[in-house]
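Chemist: So that we are looking at the same thing, I have put the structure below in structure tokens.
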Amino acid sequence: MEFLVAVLKLDEAALQKVFLKSLENYINWCNYLCITPVWSSLEAVSKEKKLLYVSLYLLIWGEASNVRFLPECLCYIFHHFSCINLIDNIGLNLLSGGPNANKQ
């Protein structure tokens, strides 16, 4: 049982490293265009939200086909998809176990 709990814990340092590496191009794109990223500060972003942002970026990249070779387009799609607050709704549903989690 203790092993299962240890496996389910998410290492903050590892997640931070993957987050920064995966979204490095997006952060540079935001700096170049003088716009703020979808998060206000990295310290304010929870572990779960970081994981959702990385997942969203990788899902967009995986489905991008030829657009994958235009990184600024991927950043634009990621930025605007993240700004419509779907991340908050998806995150709340995932963390609560889904929309019907409390019904028995």
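Chemist: What's the total number of residues in segment 39-59 that are among the β-branched types (Val, Ile, Thr) and at pLDDT 90 or above?
Modeler: Residues of segment 39-59 among the β-branched types (Val, Ile, Thr): 45, 54.
Narrowing the set further to residues that are at pLDDT 90 or above leaves 54.
Qualifying residue count for the region: 1.
Chemist: Here is a check on your reading of the model: is GLU12 modelled with pLDDT of 90 or more and exposed (fewer than 13 other Cβ atoms within 10 Å of the Cβ)? Please lay out each step first, then the result.
Modeler: On the way: modelled with pLDDT of 90 or more: no; exposed (fewer than 13 other Cβ atoms within 10 Å of the Cβ): yes.
Spelling it out, it is not the case that GLU12 is modelled with pLDDT of 90 or more and exposed (fewer than 13 other Cβ atoms within 10 Å of the Cβ).
Chemist: Within segment 72-102, how many residues are at pLDDT below 85, farther than 18 Å from ASN31 by Cβ and surrounded by 15 or more Cβ atoms within 10 Å (Cβ to Cβ)?
Modeler: Looking only at segment 72-102, we keep the residues that are at pLDDT below 85, and these are 82-102.
The next check asks that each one be farther than 18 Å from ASN31 by Cβ; those that pass are 84-102.
From what is left, the residues that are surrounded by 15 or more Cβ atoms within 10 Å (Cβ to Cβ) are 87, 91.
Number of matching residues: 2.
Chemist: Taking only segment 61-71 into account, find how many residues are surrounded by 14 or more Cβ atoms within 10 Å (Cβ to Cβ) and over 15 Å from the mean Cα position of the chain (by Cα). Explain how you work it out, then say what you get.
Modeler: Filtering segment 61-71 down to residues surrounded by 14 or more Cβ atoms within 10 Å (Cβ to Cβ) leaves 61, 64, 67, 71.
Checking the rest, the ones that are also over 15 Å from the mean Cα position of the chain (by Cα) come to 64, 67, 71.
Qualifying residue count, segment 61-71: 3.
Chemist: OK, next. Keeping to segment 22-60, report how many residues are surrounded by 15 or more Cβ atoms within 10 Å (Cβ to Cβ) and outside any helix (DSSP H, G or I).
Modeler: Residues that pass the stated criteria total 5.
Chemist: Take segment 21-60 and flag every residue that is β-branched (Val, Ile, Thr), over 15 Å from CYS73 (Cα atoms) and within 12 Å of the chain's Cα centre (by Cα).
Modeler: Passing the criteria: VAL38, VAL45, VAL54.
The values are calculated or read from the model by the stated rules, or taken from the named source; none is laboratory data. Predicted model, so just to flag it, every value in this text is computed and none were measured. Because the Cβ atoms are built from the backbone with ideal geometry, glycine has one as well, and the counts that use them run over all protein chains shown.
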